[in-house]
Amino acid sequence: MERRDKFSSLHPLTQMLCFSYVLIMSMFVMHPVMLFISLASACIYALYLSGTKKMLSLLFAMIPVIILTVAVNMLFNHRGESILFYLSGKPVTREAMYFGFTSSLMLIAVLMWFSCYNAVMTSEKQMYLFGKLLPSFSLMLTMTLRLVPDFIRKINEISNAQKGFGAEKGSSKLKNGMSILSTAVTCALEGAVIRADSMKSRGYGCERRTQYTRFVFKSEDKTVSALLLLFGAVCAYSVIKGAVYCEFYPTFSVNGTSALSITGIFAFILFCNIPMTLNFSEDIKWQVIKSRI
Amino acid sequence: MQVGTEQKKPYKRMNIKKVIVTVCVIFVLIPCLIALGMTVWDDKKYYLVSLGVMILSVLPLLIRFEKSGQKAREVALLSVMTALCVASRAAFYMIPQFKPTAAIIIISGVFFGAEAGFTVGACTALVSNFFFGQGPWTPWQMFAFGVVGFLAGVLFSKKGDKNPVLLLCIFGGISVMFIYGIIMDTASLLLMSSHPTLEGLFTVYATGLPFNAAHAVSTVIFLLLLSKPFLKKLCRIRNKFGIAEHVGEQ
Amino acid sequence: MAGYKIENLSFKYNLSEKFALSDINLEIKDGEILVLCGKSGCGKSTLLRHLKSCITPHGKRTGRIYFDGRLQNDVSDKEQASRIGFVFQHPDDQIVTDKVWHELAFGLENLGENSHTIRVRVGEMASYFGINSLFDMPVHKLSGGQKQLLNLAAVLAMRPDCIVLDEPTSQLDPISAGEFLNTLKKINDDLGITVVLSEHRPEDVFPIADRVAVMENGRIIMCDNPHTVAEKTSEDSALFPALPTASRMYRQLARGGTCPLTVKEGRAFLHSLHLEKDSAKLHVHIEKEKGDTPLMQLSECMFRYNRNDKDVLYNFSLSIRGGEMLALLGANGSGKSTALSLMSGVHVPYSGRIFLNGKKIKRLHAEEHGICALPQDPRVLFTKESVEEELQMTVNGCEDKKSRLAEVIDVMELNGLLHMHPFDISGGEQERVALAKVLLMSPRIMLLDEPTKGMDAAFKRKFGEYLRSEMQKNGTAIVIVSHDIEFCAEFSHRCGLLFNGELIAEDVPQKFFCGNHFYTTSANKIARDYFPNAILCEEVTQRCKSALNKKSHISE
């Protein structure tokens, strides 16, 4: 079930803006409604990106996380007024339980968004973003990424070659493994000597490096970024003004009925669903194009 | 026409002043930031603050690495070391906690110096998560592995390959157990509970103890096995680079 | 406008006594293809590295190098980086980044070009090389030939005036090597880029070269156009057996005219001799199938790497007797190396049977059953710090093997290398060390994957003779996988052609190659019209000589 994700074709900066805002907001605002919106949007997007089966299995895998989080909070937080019961002399409170559930909601929302992040932000995009700030470090990332599969293949090749050569007789598995590793490391380090020459010969170090990117900041990136910034600002304003706020201790109370808070939450809904909105509008556009043909 | 003089010491070591500055950044500036976070956000956003702290502590070191004008051979060798770390993490994927990754990071720190050790550590965490998936743990891992590599460089890089293996092993065990382990345990606690208590902290450390101990033991074993031959190979390559060193601007 | 002028260049490595280059005087003209030939270790690489100052080795140097009319030292590193391209020997090790597009852009990024310029240049390069489809690929998915083409394209993206290549085809199979050389020829014709390359298999490069410089012991002993070089090379020099087949035929027949280089020119040359067509069937000496059971027999083996993959070997059957050499030929990816891995017990077929000495074997073990395989990349066998330790380890302290060790070291010409680190010696030398290790194991069945890659022609012959004596003396069975048709034709007892994992033809070399129209030796291609049964250069010249003698008798 491979679908083309419209959001993935945008500029990495736009994507990063979306993901980092959503992640920071989810971690910052301990508000059940906001977190639920965040989680639900993440789930829908993950569903679109990786299919039902993968999304559900990911969600199931998070059940122990929920239990653990709730348990940790109930056992070690003794604040709150309504005491449920005492465990070895320490109070376990309802507020701590609520807090635990909200925390776990936050945690799975964050993890869900990260699963979307991993699907959308390819290594190329991440390296592009790093390269903006740290070009040498980004180059090192590229070189590492290039070497890892090479190294794994080399290990295989060496182990096969030594098996076929027939010199393993009488040596232990550990010794064998060590000799395979030793050869692989020598090969890799020798490669570095040549690679350094190849870099020098292609002018590495004689000028400040620029970074070539295949990403262009198109007009649609501008539009989407503007929308993201607008919704983000509205939501952030209402959060900073204290309109979207949830108190756990000493008693649990949620505020979210004023006009400002509703505006803020609504802006957050819009923000979180921009990737899916893009996908749907793209789908509709194609339906229209198809029907014309 | 005589050209080129052989460089005696191809690798720059960090001088003491630089080390002190960097240590200040890590161990002074960051607690300040944490305190700031506590007062402004009346101690509720631990995870977010700590995440910021992580990023703030990783960045200056990476920028320093950036500014030091790495030569081609340094970038080439460090990327090989990082690739070895990542591949070894992937190769031992099935056995939790039993990984030579930390051992190779320590060896890199010992041979290439503190900054490079940090870079290899941080880069390893980042790149291996390209394969295993990024998450909220990535900055923590970058920081934890980076610090291990950094300390290895600070403590051992003067003697390079002449360090006694035993000392390296002791350092490896301790650093993995008490630096990497504690940083990562703290991270998971902060992620799960936004109101960490001392009690909770101790419990998390206690439950993490067997895992960290296994990780530490595996690191010691790998250091015991790998450090000597590895450092020897690196020395050979350094000499080879020395001979192949380019003629330079005459 | 980018030629070189080298005046009285001498060079000595810091730790060595001997001059690696002595008194080199060479002019490389703008827009020509200059080929450097010579045995491995004659100083080709050292000379090539002097053409670009940032990779020149350390040592004592005297003499002057002018690039484009200016002293090389006055040309800045940046200018050299863009105007002089350098391609190294190993396709893998010189690739820096993880994606094809990024590799193409790497050099331009270093020069500080802006994104727009890079986009244009990279796009242009990919279109010119026809690698658009590979553009997004990670580099580890490319084949060796594609990697080397990528390296060339990455260098060309910087718009050099001159490219220097250090044995660029030595790690490639002949088909990829041919493609690579054609591309070189094309960019030289099209763009007028000066090309300087070194090569240990001159047969392929002579036809495209404008001039050939022959090196020996750090000196240039001859520098002329390829026809003249082929004409003047003395018959006892190491270069002679490496000359193109057509040239060798011409030299051995000594009939005057210009020296032919290609198969086409060779045919024209033979045609000019006005020979009678030889209709007589060559008496092929075929030994009757011996009664004894084969040493190893594979019957209807099937193999694939994964449950859902395609079969790599399909219905693969083969048998090999003691004292016999079987050569497996075939294109890349036809399953040759996989077949060897089945015979050495590295992989197990999912169906089919394997017999050793007539007994069915469940699981082959190389060490248990006296099998030894030489891998494609010799370096993967090296675990020790010096060549000597490497060989000693294989002998494993056996006293009675001492004489054998001395003999193998002598045959493989390893005497000068014993104290060296196995990774510090050249590719051809590494191949010889690995072969020595295989020989020292004294296996009953030897499996050799591309053993002649990186060997110069003179040594190849010596090696073939030694294998032959080995087979006679010890009854060793040898299976070799090779692209080297000439070697297989000369030394093997039987040849087999693999196609899509199946052994589709198998016969004695004479019959095998005479039956093939395309997949055959150059000698056979040249002389097919006159002597359809001759497959070796020597056979053709012998028969030419006798035919010419007969003709002169008749005319008398």
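Read-outs: derived from the displayed coordinates by stated rules, not from any lab. In this text the structure is predicted, and so the values were computed from the model without any measurement. Heads up, the Cβs are rebuilt from the backbone with ideal geometry, glycines too, and the neighbour counts pull from every protein chain shown.
Once both labels are positioned 7 Å from their Cα atoms along Cα-to-Cβ, the gap between C:Asn357 and C:Ala458 label points is 4.3 nm.
A Förster radius of 35 Å, combined with the Cβ-Cβ distance separating B:Tyr205 from A:Lys175, puts the computed FRET efficiency at roughly 0.40. What fraction, in whole percent, of alpha-carbon pairs in the protein assembly as shown exceed 41 Å separation? Summing the P(r) of the protein assembly as shown above 41 Å gives 52 percent of all pairs. Per-residue mean of foreign Cβ neighbours for C:55-68 is 4 (Cβ atoms of other chains, 10 Å radius). Distances between placed amide hydrogens fall under 5 Å for C:His347 paired with C:Leu342, all partners being 5 or more residues away or on another chain. 3J(HN,Hα) along segment C:390-395, derived from phi through the Karplus expression 6.51 cos²θ - 1.76 cosθ + 1.60 where θ = phi - 60°, amounts to 4, 6, 4, 4, 5, 6 Hz, with x in place of Gly and Pro.
What the Cβ-Cβ distance of B:Ile55 and C:Glu368 gives, at R0 = 51 Å and to the nearest 0.05, is a FRET efficiency of 0.35.
If you take every DSSP beta bridge fully contained in segment C:296-527, what fraction is antiparallel? Give it as a percent rounded to 5.
On the way: 18 of 35 bridges.
In segment C:296-527, DSSP labels about 50 percent of beta bridges as antiparallel.
The listed peptides C:324-334, C:159-169, C:128-138, ordered by packing as a protection proxy, come out as C:159-169, C:324-334, C:128-138 (highest mean of other Cβ atoms within 10 Å first). The mean number of partner chain beta-carbon atoms within 10 angstrom of a residue's beta-carbon across peptide B:128-137 is 5. Seen against the Cα atoms of chain A and their longest principal axis, helix A:219-240 is set at about 50 degrees.
Here each label is just a point 7 Å from Cα along the line to Cβ, and for B:Ile182 and A:Leu87 those points are 2.6 nm apart.
Can you give the FRET efficiency for C:Asn396 and C:Glu216, using 1/(1 + (r/R0)^6), R0 = 35 Å, r = Cβ-Cβ distance, to the nearest 0.05? Computed FRET efficiency for C:Asn396 and C:Glu216: 0.35. For segment C:336-465, the fraction of C-alpha pairs farther apart than 17 angstrom is 61 percent.
Could you tell me the relative contact order of segment C:296-527? Use alpha-carbon pairs under 8 Å, at least six residues apart, and round to a whole percent.
It rounds to 28 percent for segment C:296-527.
The Kirkwood radius of segment B:71-244, taken over pairs of alpha-carbon atoms, gives through the Stokes-Einstein law at 4 °C and 1.567 mPa s a diffusion coefficient of 79 µm² s⁻¹.
Per residue, chain C reaches -10500 deg cm²/dmol at 222 nm when only DSSP H runs of four or more residues are counted, each adding -39500 (n - 2.57).
Relative contact order of chain C: what whole-number percent is it, with Cα pairs under 8 angstrom and at least 6 residues apart? Don't jump to the answer; show the numbers that get you there.
On the way: 1021 pairs, mean separation 76.7, N = 556.
It comes to 14 percent, rounded to a whole number.
Annotation for A:Leu47 and C:Glu407: the two label points, set 7 Å from Cα along the Cα-Cβ direction, are 7.7 nm apart. Taken over the C-alpha atoms, chain A has Rg and Dmax values of 26.0, 80 angstrom.
Peptides B:199-206, C:115-122, C:371-378, B:135-142, ordered by how many other C-beta atoms sit within 10 Å of their residues on average, highest first, read C:371-378, B:135-142, C:115-122, B:199-206.
Quick one: of the DSSP bridges fully inside segment C:4-241, what percent are antiparallel, nearest 5?
Roughly 55 percent of the beta bridges in segment C:4-241 run antiparallel, per DSSP.
Other protein chain C-beta atoms within 10 Å of residue C-beta, averaged over C:114-127: 2. Checked against a 18 Å cut-off, the cross-linked pairs B:Lys159/B:Lys233; C:Lys232/C:Lys550; C:Lys453/C:Lys525; B:Lys232/C:Lys384 give Cα-Cα distances beyond that limit for C:Lys232/C:Lys550; C:Lys453/C:Lys525. Distance from a point 7 Å along Cα→Cβ of C:Lys5 to each backbone N in segment C:25-65: keep the residues under 14 Å and list them by number. Inside the label zone: C:25-30, C:64-65.
Highest mean first, the peptides A:47-60, B:60-73 sorted by other C-beta atoms within 10 Å per residue fall in the order B:60-73, A:47-60. For segment C:296-527, a Kirkwood radius taken over Cα pairs fed into Stokes-Einstein (10 °C, viscosity 1.306 mPa s) yields D = 86 µm²/s.
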